[in-house]
Amino acid sequence: MNPVALEKTLRDTLTRFNSETGTIHRLHEPTQLLRLIAQVGLPPQLLDIVTIIPVGKGIAGETAQKNRPVTICNLQTDTSGVAKPGAKQTGVGGALCVPIRNGDKIVGTFGIGTKREHEYSAAEINSLQDIANSLAAHLT
């Protein structure tokens, strides 16, 4: 899937979830680095920060490391330590990131965020996971 198609999928997903920001990262397994391949809504000053994310660092990195969704109700007040300090610059409240899986193998992450505080439901998490997994074949 080309970058334009990935961005369209991201934009369509953000509309569906009433969200303003989103990222898709591809996992480069040998280096254990997530590389940004599509984004919508991120402030320009954050692009350098999120272009390459080590597995285990930040929301996307933790999602990849633990192979499970990571959700934060309000990034602006979160004290869990999962989000990197620069993440607050996004202005995002609620955030959700899911692994992109090809079978059992993680090939990337798909994250969305909204400016409002938001607790993602199990149905929303499952829905985003389904969208993410549909992209897996295009990331391998």
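Of all the numbered requirements in (1) part of a strand (DSSP E or B); (2) farther than 12 Å from T114 by Cα; (3) modelled with pLDDT under 95; (4) among the hydrophobic types (A, V, I, L, M, F, W, C), A83 misses one, and that requirement is (1). Filtering region 54-80 to residues that are aliphatic (A, V, I, L, M) and modelled with pLDDT of 95 or more leaves V55, A64. In region 14-70, the residue that is farthest from A123 (Cα to Cα) out of those that are buried (at least 19 other Cβ atoms within 10 Å of the Cβ) and among the charged types (D, E, K, R) is R26.
Does region 111-123 include one or more residues that are assigned to a strand (DSSP E or B), at pLDDT 90 or above and on the phi < 0 side of the Ramachandran plot? Yes; the residues of region 111-123 include at least one that is assigned to a strand (DSSP E or B), at pLDDT 90 or above and on the phi < 0 side of the Ramachandran plot.
For E29, the conditions (1) out of contact with any strand residue (DSSP E or B) (no Cβ under 8 Å at 6 or more places or on another chain); (2) under 19 Å from K115 (Cβ atoms) all hold with the exception of (2). Could you run through region 1-54 and say how many residues are among the acidic types (D, E), assigned to a helix (DSSP H, G or I) and touching a residue at least 12 places away in the same chain (Cβ under 8 Å)? Total meeting the criteria: 1.
The values are calculated or read from the model by the stated rules, or taken from the named source; none is laboratory data. Just so we're clear, the structure is a prediction, and the values are computed from it rather than from any experiment. Quick reminder, even Gly has a Cβ in these numbers, built from the backbone with ideal geometry, and neighbours come from all protein chains shown.
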